[in-house]
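Some notes on the structure that comes next.
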Amino acid sequence: MRVTQTMLSNNMLRNLNNNYNRLGKLQEQMNTQKKFTKPSDNPVAAMLGLGYRTDLSRIQQYQRNIGEVQKWVDSTDSALDNAISALQRIRELTVKASNDTHEKDQREAITKEIEQLKGQLESIGDTEVGGQYIFNGEDTNKRPSDGYSDGEIRLEVFSGITLPINTVGKDLFGPLVGGTDITNGQPINSYLDDLINKIRTGTGEDITGELDNIDDHIDKFLSERATVGARQNRVEMMNERLGQQEVFSTQILSSNEDLDMEKAIIEMTTAESVLRASLSVGSRIIQPTLVDFLR
């Protein structure tokens, strides 16, 4: 087959164009630090990337959910701790008031402090997190002290796994249930009103008889706080697991899409060398023109 000068020139131009395209692609990759900028560059990697991004987005949503769970659980634990402290102080005051040597004024001073603690317990029951009442079941927009509601709130923290974020205040601040109901089914604030009246008018023996009732309320709060503590431990473990999943998914996505800069620099240097060689060879292939002879 006869090879003409035109064929040599066309081949040289085609090869030069290919070299420039390669350099342009490498330059674009280095500017964006991505292996591809549009799906057509690498359809398989682009499809895989969609799946990886979906997984990562789902994990990040679970992390936001578990952050909300953690916020509610931590706030609940703190509120229960304060409530237990208030009840323990009420017990101390009740023991003190049971002494028949106290005069009326001394008992009245004790009842004043118990009234303040009763108000503190009511305030704890109305604890808010992000504008939502955490002890009022599913009706988080209603103030619990206006009437406690039921209902458990759960958030998904992993695929198919949900965790409760709230503690139903009705079970805590409402009547004692189960066993012998020695507070006669009274919510804790109503019971404290009766306790205050008994301290004002009752005998030391009558007041001492209320210690078991107070202990039952304290035990109820302690039991609930233990439940919340177990929930905190699970939340921490789930949060750690999600953190590991996020790192793993991010690494997979990066491996699929992110550019290896060291490798790209080597390829860029090689492509530049090939281009220079092509230009050098091309300058020798192209036939001399009349202008070259006139120099």
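Rule-based calculations on the coordinates, nothing more; no lab input. Every value quoted in this text rests on a predicted model; they were computed, and no experiment measured them. Every residue, glycine among them, receives a Cβ derived from its backbone with ideal geometry; neighbour counts consider all protein chains shown.
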Principal semi-axes in Å for segment 37-96 [√(5λ), Cα gyration tensor, largest first]: 56, 6, 4
Dipole of the chain, positive end: most advanced residue of T127, L93, Q116 [Cβ charges, Cα centre]: T127
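Where Rh is the Kirkwood radius over the Cα pairs of segment 77-197, the temperature 20 °C and the viscosity 1.002 mPa s, what D in µm²/s does Stokes-Einstein return? Write down the numbers at each step before the final one.
Numbers: Rh = 16.0 Å.
Result for D is 134 µm²/s.
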5 Å binning of all Cα-Cα separations within segment 1-148, expressed as whole percents from 0 upward: 2, 7, 9, 9, 8, 7, 6, 6, 5, 5, 4, 4, 4, 4, 4, 3, 3, 3, 2, 2, 1, 1, 1, 1, 0, 0
Listed candidates [x] 160; [y] 207; [z] 116 - label of the one calculated as volume of the Cα convex hull per residue in Å³: [y]
Relative contact order, percent, the chain [alpha-carbon distance under 8 Å, six or more residues apart]: 30 percent
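Given the rule -39500 (n - 2.57) for each run of at least 4 DSSP H residues, summed and divided by the residues of the chain, what is its mean residue ellipticity at 222 nm, to the nearest 500 deg cm²/dmol?
Numbers: 9 runs with 206 residues, N = 295.
Only helices count here, giving -24500 deg cm²/dmol.
Of K38/K263; K104/K170; K71/K112; K118/K170; K96/K170, which ones are farther than 26 Å apart at the Cα?
Values: K38/K263 21 Å; K104/K170 35 Å; K71/K112 34 Å; K118/K170 16 Å; K96/K170 30 Å.
With Cα atoms farther than 26 Å apart: K104/K170; K71/K112; K96/K170.
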Kyte-Doolittle mean at least -0.5, axial Cα span of 30 Å or more - DSSP H helices of the chain: 43-97, 261-285
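Kindly provide the chymotrypsin sites (Phe, Trp or Tyr not before Pro) of segment 20-69 that DSSP labels as loop, not H, G, I, E or B, and whose Cβ sees at most 10 other Cβ atoms within 10 Å.
Details: sites: Y20, F36, Y52, Y62; in loops: F36.
Passing sites in segment 20-69 do not exist.
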Packing-based exposure ordering (other Cβ within 10 Å, fewest first) of L195, L222: L222, L195
Separation between Cα centres of segment 228-257 and segment 19-78, rounded to whole Å: 16 Å
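I need the peptides 139-149, 161-171 ranked by packing, meaning the mean over residues of other C-beta atoms within 10 angstrom, with the highest value on top.
On the way: 139-149: 15.6, 161-171: 19.4.
Ranked from most to least packed, the peptides come out as 161-171, 139-149.
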